[in-house]
Amino acid sequence: MAIMPPTSGDDANQSAALADVNLFALDIALQEAIKREGGQAAQARLIRFGELAGSAEASEHSRLANDHPPRLRTHDDKGRRLDIVEFHPSWHWLMSASADEGLHCGAWQHLDGENSLRSGANVERAGTFFLASQMEAGHCCPITMTNAAIPVIRDAPAVAEAWLPRLTRPQYDRRFLPLARKTAAMIGMGLTERQGGTDVRANTTQAVADGEGGPGTPYLVTGHKWFMSAPMCDAFLVLAQAPGGLSCFLLPRFRPDDTVNSLRLQRLKDKLGNRSNASSEVDFEAAHAVLLGEEGRGVATIIEMVTHTRLDCAVASAALMRRAVTAALHHARQRQVYGRPLVAQPVMACVLADLVLEVEAATALVFRLARSFDRVADARAAAWRRLMTPVTKYWVCKVASPVIGEAMECLGGNGYVEEGGMPRLYREAPVNSIWEGSGNVMALDVLRVLEKEPEALETVLDDLSLAAGDDTHLKAALERIRTMLHEPRLIEMRARALLEGLALTAAGCIIRAHAPQVVGDAFIAARLSGVPRFTYGQGLEWSDTKAILERALPAA
Ligand SMILES: Cc1cc2nc3c(=O)[nH]c(=O)nc-3n(C[C@H](O)[C@H](O)[C@H](O)COP(=O)(O)OP(=O)(O)OC[C@H]3O[C@@H](n4cnc5c(N)ncnc54)[C@H](O)[C@@H]3O)c2cc1C
């Protein structure tokens, strides 16, 4: 399908709807990243899913799921507890679309004989997730959490046997039923409490053994979670204080005897964005749960889940940016001002090209990161994953809001109006930066790498030095990073600068090596040449903006 050409007359110089487009086929940077990072086997699948994700039908379901947010039903008409959330049918359509594609389990579906990942599995899944996030971001929350919980559950044989077969089935079963009666299942997570989200050590939720205690045995959990999204998931990984310290539990919606577990949904959050998704406040009243890992090892047990969700936050942010910038460029090609298309106005061409460069960088970084999740046995990949997960999550999620804001402005007043879809993207963007470890938390995580795993930093810097070759600006950027590291007294104050430097340098190296020269030159000139800048549309006076824009959205 094609983008509809503008019609004259009563369309009054308005651009045509960007509907029924194949989000994968349109995206050259995405296609190249998938191929480069090892996901080329997924080409046909991505083309197929790109068609669905960009369809007018998907777009309508996305609108409806957000215009009709979920509703909490705490009690029935006779006052009995229900604790269920009702969703618009369009939410279920979106969940089916992504679950049928295996997005909630795709990386784990085809483990080979040694229980290791299929080559390219995470890159392939990141590709489909990139498309699903452009389709509609809210429903991606339970999809992400389920995928990320699987490696934690896989390491707990007592629960894996019952849960894994249903978690890894590419289906969506919306019914509120005990696990044994469902065809497929989803997982959420409950870490954050009122007195502390980042600092989970402050968690006060208590767990006592309901028997002997120990890994794989039942406990009773009592307390609250201030944020627990997607409460209609079938189970949640939660942190609670057991006698041996903060511990990780699988807390299902139903007890083993098939009675409804005592999760009391108190409220749904009234959120800035992410409105199709439900985020609850919940009390646990001696709720049945099973201990995963050892008592006192809660953070160590759940950390693998958090690492995977951080990858998805970055992929989703890159996707939101891509969607917004595509819409801006499409509009600017068709809207005429002073007798020329907007895109032909030099100031606008610089703004658009600058936004495209940000999307190029974000795309390069997230797929490079996804590859490091695929190569678990490779020490260099492990170093990249350890250091560049917080770096990539930090930078990509942080730039999403300003990029989408600027893209919105390219559409003028239309950008600010709900029907065009830009406000939804804009409202969605900040959440990826807040949840799963906010900006400062990512910075502190990198400082932890410097202190405890300095060899990971050295490995990544070696890789970047090699990739920088004799590019003067890239070499200078690396030198600035090394200078920062020589001042340990100041490093905490400079942590954000360090993360930004690492992200931009890494993106610059990837783009320099793999994107067309015009893109590499422009990216490095505008971001790494040392000229200060705070808004978009600067530093590209020597760049071939036309070529950059043509690559971002082929005019034909
Ligand atoms: C829409 C939405 C859905 C959510 N869903 C879930 C869910 O399903 N499950 C769940 O467990 N949580 C969920 N959360 C909660 C989210 O993960 C937390 O809000 C987040 O981790 C931050 O915790 P907090 O709100 O307690 O803020 P705080 O921990 O109080 O942090 C406040 C600010 O301080 C900064 N900060 C914290 N520590 C430091 C430090 N040492 N130095 C410098 N700065 C610091 C943080 O970066 C942040 O900017 C959700 C949040 C939102 C918005």
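Summing charges over all other residues whose Cβ lies under 14 Å from the Cβ of residue 222, with Lys and Arg as +1 and Asp and Glu as -1, gives -2.
Here region 181-298 carries DSSP beta bridges of which approximately 85% are antiparallel, counting only pairs with both residues inside. Whole-Hz Karplus values for region 98-103 come out as 7, 5, 4, 7, x, 5 Hz, taken residue by residue from phi with 6.51 cos²θ - 1.76 cosθ + 1.60 and θ = phi - 60°; glycine and proline positions read x.
Please give the per residue volume of the convex hull enclosing the alpha carbon atoms of region 299-556, rounded to a whole number of Å³. All intermediate terms of the calculation are to be shown ahead of the outcome.
On the way: hull volume 33.8 nm³, N = 258.
It comes to 131 Å³ per residue, whole-number rounded.
Taking the Cα centroid of region 525-554 and of region 12-58, what is the distance between the two, rounded to the nearest whole Å? That distance is 24 Å.
When 317, 119 are sorted by how many other C-beta atoms sit within 10 angstrom of their C-beta, beginning with the fewest, the order is 119, 317. For residue 190, the residues whose amide H sits under 5 Å from its own are 237, 238, 239, ignoring neighbours fewer than 5 places away on the same chain, with H placed 1.01 Å from N.
Bridgeable aspartates and glutamates around residue 225 (alpha carbons under 19 Å apart, same-chain partners fewer than 8 residues away excluded): 83, 193, 199, 234, 270, 281, 283, 285, 436.
Compared with the rule-of-thumb size 2.2 N^0.38 Å for a compact globular protein, the chain has a Cα radius of gyration ratio of 0.97. The sum of -39500 (n - 2.57) across all DSSP H runs of n ≥ 4, divided by the residue count of the chain, sets its helix-only mean residue ellipticity at 222 nm to -16500 deg cm²/dmol.
Reported to the nearest whole Å, the Cα centre-to-centre distance from region 339-389 to region 131-157 is 22. Using R0 = 60 Å, the C-beta based FRET efficiency linking residue 174 and residue 544 works out to 0.75. On full extension, the segment bounded by residue 48 and residue 84 gains 9.5 nm, given 0.36 nm per residue less the C-alpha separation.
Per-peptide packing, taken as the mean over residues of other Cβ atoms within 10 Å, places 30-38, 528-536 in the sequence 30-38, 528-536 from highest down. Cα convex hull, region 405-507: 132 Å³ per residue, rounded to a whole number. Residues within the reach of a label modelled at residue 441 (point 7 angstrom out along Cα to beta-carbon, backbone nitrogen below 14 Å), restricted to region 259-290: there are none. Amide H contacts for residue 210 (H built 1.01 Å from N in the peptide plane; partners 5 or more residues away or on another chain; cut-off under 5 Å): 219, 220. The HN-Hα couplings worked out from phi for region 383-398 by the Karplus form 6.51 cos²θ - 1.76 cosθ + 1.60 (θ = phi - 60°) are 5, 4, 4, 5, 7, 7, 5, x, 5, 5, 4, 4, 6, 5, 5, 5 Hz, whole numbers, x standing for Gly and Pro.
Evaluating 6.51 cos²θ - 1.76 cosθ + 1.60 at θ = phi - 60° for every residue in region 425-434, the Karplus couplings come out as 4, 5, 6, 6, 4, x, 5, 5, 7, 7 Hz, glycine and proline recorded as x.
Each reported figure results from applying straightforward, stated rules to the coordinates on display, with no laboratory input. If you're wondering where the values come from, they're calculated on a predicted model, not measured in any experiment. Virtual Cβ from ideal backbone geometry, glycine too; neighbours counted across all protein chains shown.
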